[in-house]
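For reference, the structure discussed in these notes is given below.
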């Protein structure tokens, strides 16, 4: 099975969702031959290192229907597109400064039939909309991410935890998070067994 790991950790996937992920597994390598959205040496690890990694956020929080998420620096659509497949009743707005990478994300979203995503080519400073959460994957130091995202966080609460920033990070985060006393760090290895996740973290900062 092409998505053996995804179905193992997310057995509740519907037939539609399974097909969307299987198609994603085909489309990313095809696009990567033309535009390098995932490291060439890492594309063979797409399911675990990229799709499953993106979905670790769904192990941390189950977004309620109607939630609005901004994927800051989405690149080729990660973590936004896998999360949009998993949460069809949640809206995801994907923003990136590199137009050709955003084109890949938009093409994949269209081909797998996602209707709960929108795209913006530009800088976070140009985004005036409000969201429940900002998600991001290894884009910049966390204090900078929090500072730039603050204006986009809505005050209305819809989920089990307060609105804020949820970032996927790796390595030792002690120095990086020293100024953010309210941040919570979770080891992704508690959700997934693969060696790749031993040093991977979810960092949540309520705003």
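Classify segment 13-206 as rounded, prolate or oblate from the Cα gyration tensor: take a ≥ b ≥ c as the square roots of its eigenvalues, call it rounded if a/c is under 1.5, otherwise prolate when a/b beats b/c and oblate if not.
On the way: a/c = 1.39, a/b = 1.22, b/c = 1.14.
Rounded shape, in that the Cα axes give a/c under 1.5.
Taking a ≥ b ≥ c as the square roots of the eigenvalues of the alpha-carbon gyration tensor, segment 99-207 is classed oblate because a/c is 1.5 or more while a/b is no larger than b/c. Would you mind getting me the FRET efficiency between residue 100 and residue 144? Use the beta-carbon distance for r and R0 = 22 Å, nearest 0.05. Efficiency, rounded to the nearest 0.05: 0.40.
Between the C-alpha center of segment 54-118 and that of segment 17-34 there is a gap of 14 Å. Dividing the helix sum by the residues of the chain, where each DSSP H run of 4 or more adds -39500 (n - 2.57), gives a mean residue ellipticity at 222 nm of -8500 deg cm²/dmol.
No lab work stands behind these numbers, since they all come straight from the coordinates. Because the structure is predicted, anything quoted here is derived from the model rather than measured. Positions of Cβ are generated from backbone atoms using ideal geometry, with glycine treated the same way; all protein chains shown enter the neighbour counts.
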